[in-house]
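The values are calculated or read from the model by the stated rules, or taken from the named source; none is laboratory data. For clarity, every value in this text was computed on a predicted model and none was experimentally measured. Every residue, glycine as well, gets a Cβ built from its backbone with ideal geometry; the counts of neighbours run over all protein chains shown. For the accessible areas, the whole protein counts, side chains as well, though only heavy atoms, and no ligand, DNA or RNA atoms are used. Shrake-Rupley method; radii C 1.70, N 1.55, O 1.52, S 1.80 Å.
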Amino acid sequence: MPARRARGVSIEDVARAAGVSRQTVSNALRAPHRLRAETLERVTALIEEMGYQPDQSASSLRSGTRKVFAYTTPETDPANPNALMSGFLEALVSAAGAAGYRILLVRPRPGQEAVRALEEVIAARTADAFLLSDVLEGDARVRFLSEVGFPFVVFGRTEPELPQSWVDVDSVQAMIDVVGMLAERGHRRLAFLGMSADLPWLRHRAEGFRTGVRRFSLVAHEATAEQPDEVIDVAQTLLRRRPRPTALVLVDDWLAPGVYAAAQAEGLTVGTDLAVTGFNDMPYARLLQPPLTTVRLPLRRLADALVSRLLQLIEEQVRPEAGLLLPAEPVVRASVS
């Protein structure tokens, strides 16, 4: 390997050392999906070894890009932050940085329409594309960006008639897998505790639960809770059914503490008398006693896939023909015997 040099290393130097073209080195930095795995690994190792730093300012002038993705961050309570979306933001910043891009956080001012905030970013020419999350049906942001032809990708899903520039978690299959795991452990009577909010990701999880119940010929009941103080009462109602369910499947981890309290009130031990599963693998899931079996979102893979699609739109001007579903990862802990 060549000796590491901190300065004066050009893209041509890296290309000669790797025995590849200048474009291949550029692809390793900005479009890694275009390279074979072994080529990408060899070129990336040499970039690190030689200390090559691309000239982002010159690249921006040549391409007309700002090397910036604008991310419309969802609102959260600073006193009770959303750990899941914080983890996603960290993964996104890392994936964008590896491609030579920065992240611009965008949020409407108080009283400002979401679309107006996007218009200001476009007018100021401060970003090359948008990344949207928390997208609902009929989302005005998606329709606006589609109409004006500004590049964007979605963490979530877009409607069929709109550009399919999206990446999402396959929540349906994740829930089918959870139900199958419970069936393999001998559970025949299940209950599902959902939320009344009409959100796409919650509907996908409920759909997966019902599909799993049908596939494995199980008996199931469902209930919903919206506020934390409702969870214990609703869970107790489910647990008082006769015959009693032996497993409770939760649409989200935040329901778990209330369900654990309901089980204790009914004289049941979670993990022994009752199996409990959640979704999202929030940080407190492993701190519950017993630790909660749940579903972990592939945040780094999501960020990498979203950035890859952004690069396709900006640098290759290729629009994805279909959305991309990524598998989630089940995390089995002691709440399932």
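Conditions tested, residue by residue: (1) in contact (Cβ under 8 Å) with a residue 12 or more places away in the chain; (2) over 22 Å from L297 (Cβ atoms).
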{"position": "Q227", "(1), (2)": "no, yes"}
{"position": "I232", "(1), (2)": "yes, yes"}
{"position": "Q236", "(1), (2)": "yes, yes"}
{"position": "L239", "(1), (2)": "yes, yes"}
{"position": "R242", "(1), (2)": "no, yes"}
{"position": "V251", "(1), (2)": "yes, no"}
{"position": "A256", "(1), (2)": "yes, no"}
{"position": "A262", "(1), (2)": "yes, yes"}
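Tallying residues that are open to solvent by less than 50 Å² (accessible area, probe 1.4 Å), closer than 16 Å to M175 by Cβ and in a loop (DSSP other than H, G, I, E, B) within the stretch 314-334 yields 1. Of all residues in the stretch 96-118, those satisfying the criterion of being hydrophobic (A, V, I, L, M, F, W, C) and not in a strand (DSSP E or B) are A96, A98, A99, A114, V115, A117, L118. Within the stretch 206-219, being at negative phi, assigned to a loop (DSSP other than H, G, I, E, B) and either loosely packed, with under 15 Cβ neighbours inside 10 Å or among the polar types (S, T, N, Q) (or both) holds for no residue.
R203 passes all but one of (1) under 28 Å from D304 (Cβ atoms); (2) outside any helix (DSSP H, G or I); (3) open to solvent by 60 Å² or more (accessible area, probe 1.4 Å); which number fails? Checking R203 against (1) under 28 Å from D304 (Cβ atoms); (2) outside any helix (DSSP H, G or I); (3) open to solvent by 60 Å² or more (accessible area, probe 1.4 Å), the one that fails is (2). When the residues of the stretch 123-156 are filtered to those that are open to solvent by less than 50 Å² (accessible area, probe 1.4 Å) and β-branched (V, I, T), the one that is farthest from the chain's Cα centre (by Cα) is V142. Taking first residues from the stretch 150-173 that are among the β-branched types (V, I, T) and partners that are open to solvent by 40 Å² or more (accessible area, probe 1.4 Å), the Cβ contacts under 7 Å between residues at least 6 apart in sequence or on separate chains come to V167/L324; V172/E207. For L310, state whether it is open to solvent by 50 Å² or more (accessible area, probe 1.4 Å), of a type in the set (A, V, I, L, M, F, W, C) and farther than 27 Å from E230 by Cβ. Answer is no for this residue. Exactly one residue out of V142, V93, V172, V121 is in a helix (DSSP H, G or I) and closer than 30 Å to H221 by Cβ, and it is V172.
Considering every residue within the stretch 54-66, establish whether at least one is modelled with pLDDT of 80 or more, open to solvent by less than 40 Å² (accessible area, probe 1.4 Å), of a type outside the set (S, T, N, Q) and outside any strand (DSSP E or B). Within the stretch 54-66, not a single residue is modelled with pLDDT of 80 or more, open to solvent by less than 40 Å² (accessible area, probe 1.4 Å), of a type outside the set (S, T, N, Q) and outside any strand (DSSP E or B).
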